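The values are calculated or read from the model by the stated rules, or taken from the named source; none is laboratory data. Predicted model only: the values in this text are computed from it and were never measured. Neighbour counts run over all protein chains shown; Cβ positions are idealised from the backbone, glycine included. The protein model used for the area step is the full one, side chains on, heavy atoms only, and it has no ligands, DNA or RNA in it. Shrake-Rupley method; radii C 1.70, N 1.55, O 1.52, S 1.80 Å.
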Amino acid sequence: MNLKFLEFYQALSREEQAGFFLWPSLNSTMLTDRERELLEQYKPSGIVLFKRNMESIEQTKALIGEIQQLTHRPWGPFSFPTVIAIDEEGGRVSRLPPPYVRGKPALAFADD
């Protein structure tokens with residue numbers, strides 16, 4: 001393990017150490033006060049968005065901006081933005097509501 005990263009990690013609060021291993025989801029299109037509090041406290045390394053979190057491109061951009069602001073670690077050599085992920089498989093299941101464009105199903109990549 002990189003010694004500098006280990007020093008960085010050990011200097012974090014116990015909550016922020018746990019946050020490196022958390023990728024929670026959110027309840028709706030806007031953060032609740034409790035979600036804001038938890039994001040600031042734990043600073044998860046990722047968030048998973050679902051259809052329930054996205055109603056428009058503008059709203060989704062605002063939500064992602066607020067998440068990034070609450071979870072940002074501005075100090076140290078290992079500062080990075082929180083990963084925003086979508087559990088999108090395509091095919092029968094799509095997490096992206098209109099107006100988002102659906103890509104081809106994940107299984108189609110096996111044919112490439």
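Miscellaneous remarks
- Rounded to whole Hz, the Karplus (6.51, -1.76, 1.60) HN-Hα couplings of the range 33-38, x for glycine and proline: 4, 5, 4, 4, 4, 5
- Taking amide hydrogens as placed 1.01 Å from N in the peptide plane, the amide H of Leu49 sits under 5 Å from those of Ala85, Ile86, Asp87, each at least 5 positions away in sequence or on another chain.
- Total formal charge among the other residues, if their Cβ is under 11 angstrom from that of Leu22, Lys/Arg +1 and Asp/Glu -1: -1
- Potential extension, Leu6-Arg34 segment - 0.36 nm per residue separation minus Cα distance: 7.1 nm
- Shape category assigned to the range 1-91 from the gyration tensor of Cα positions, a/c cut at 1.5: prolate
- Surface accessible to a 1.4 Å probe, per residue, for the residues of the range 27-68, Å²: 55 Å²
- The range 43-59 - phi-based ³J(HN,Hα) in whole Hz, Karplus 6.51/-1.76/1.60, Gly and Pro as x: 6, x, 7, x, 9, 9, 9, 10, 3, 5, 9, 10, 10, 7, 5, 4, 5
- Exposure rank, largest accessible area first [Val48, Val83; 1.4 Å]: Val83, Val48
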